[in-house]
Amino acid sequence: MVSYPIHNYLHDPGWQKVLEPYWHNPDFQSLLKKLEVEAKTKPIYPAEYNRFRAFNVCKWDKCKVLILGQDPYHGPGQADGLSFSVPQGQKIPPSLRNIYKELKSDLNIDPAFGGDLSEWAQQGVLLLNSFLSVEEGKAGSHQKWGWELFTDAVIQSLSANKERMVFILWGNWAQKKQLFIDTQKHLIIKSAHPSPLSARHGFFGSKPFSLCNDFLLKQGLEAINWRLSW
């Protein structure tokens, strides 16, 4: 019997239909159980109600772009379930600050005052992390828990069931996922990660936002409005 029903976490019927076969996997159910147990004794981010928020804000039917991060922010109040995003009022993290710098360079869009990226997600940008949980103060602490099998399944499902998507892969970890993407149908945009350690080694100047929109427009799809309203 499934202990953690999919509809308790994924509210969009499209995502439920596509991911339900994987959700029933005993290993994935064990992962959800492990998270429940761990959260009783230590802070785990993001909060459970936000852990699958990327799928609840970016509906399956609208999804046309994927931006893949690594794992959630591990500081209190930072992780909101969307990769690279933080709630309004939180200090903008260095990686997101660099994303805003590239956005300014690429499309001349001034940096937003806050770090909430939900407006991108609502337009069809799936802001997904490779790992959907982390222990407070311990970056990468859940990288061997089995999350990568789930996110592999997500990317394989997008590649197989969607047409003309854009996959934006920043950094070596994200680029490992390109094995699951059909390049005959989709566009892959890859560069260095926007973190301060690597942004100057290929992220700055990579123009991912204009490349993404150029592709979407050529496919007869609506471009993403990367300008945030706050």
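The values are calculated or read from the model by the stated rules, or taken from the named source; none is laboratory data. Predicted model only: the values in this text are computed from it and were never measured. Note: ideal-geometry Cβ built from the backbone for every residue, glycine included; neighbour counts use all protein chains shown. Accessible surface is based on the protein model in full, side chains and every heavy atom, while ligands, DNA and RNA are left aside. Shrake-Rupley method; radii C 1.70, N 1.55, O 1.52, S 1.80 Å.
What the table shows:
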| read-out | value |
| --- | --- |
| Hits in the range 157-179 (condition: crowded, with 16+ Cβ neighbours inside 10 Å and over 16 Å from the mean Cα position of the chain (by Cα)) | K162 |
| Enumeration of residues in the range 193-205 that are hydrophobic (A, V, I, L, M, F, W, C), buried (at least 19 other Cβ atoms within 10 Å of the Cβ) and assigned to a loop (DSSP other than H, G, I, E, B) | F203 |
| Pick from the range 119-156, criterion in a helix (DSSP H, G or I), open to solvent by 10 Å² or more (accessible area, probe 1.4 Å) and polar (S, T, N, Q), ranking: nearest to Q175 (Cα to Cα) | Q156 |
| Residue list for the range 26-49, restricted to those being under 14 Å from F150 (Cβ atoms) and open to solvent by less than 50 Å² (accessible area, probe 1.4 Å) | F28, Q29, L31, L32, L35 |
| Test: L32 is closer than 20 Å to D12 by Cα and either in contact with a strand residue (DSSP E or B) (Cβ under 8 Å, 6 or more places away or on another chain) or touching a residue at least 12 places away in the same chain (Cβ under 8 Å) (or both) | yes |
| Residue match in the range 87-94 (condition: more than 29 Å from L221 (Cβ to Cβ), open to solvent by less than 40 Å² (accessible area, probe 1.4 Å) and in contact with a Pro (Cβ under 6 Å, 6 or more places away or on another chain)) | no |
| Hey, L66 among the aliphatic types (A, V, I, L, M) and farther than 30 Å from I188 by Cα or not | no |
| Positions within the range 106-118 being open to solvent by 20 Å² or more (accessible area, probe 1.4 Å) and either in contact with a Gly (Cβ under 8 Å, 6 or more places away or on another chain) or among the aromatic types (F, W, Y) (or both), in sequence order | F113 |
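Yes or no, residue by residue, for (1) aliphatic (A, V, I, L, M); (2) within 14 Å of F52 (Cβ to Cβ); (3) touching a helix residue (DSSP H, G or I) at 6+ places or on another chain (Cβ under 6 Å):
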{"residue": "Q123", "(1), (2), (3)": "no, no, no"}
{"residue": "L132", "(1), (2), (3)": "yes, yes, yes"}
{"residue": "E136", "(1), (2), (3)": "no, no, no"}
{"residue": "L149", "(1), (2), (3)": "yes, no, no"}
{"residue": "A153", "(1), (2), (3)": "yes, yes, yes"}
{"residue": "A160", "(1), (2), (3)": "yes, no, no"}
{"residue": "F167", "(1), (2), (3)": "no, no, no"}
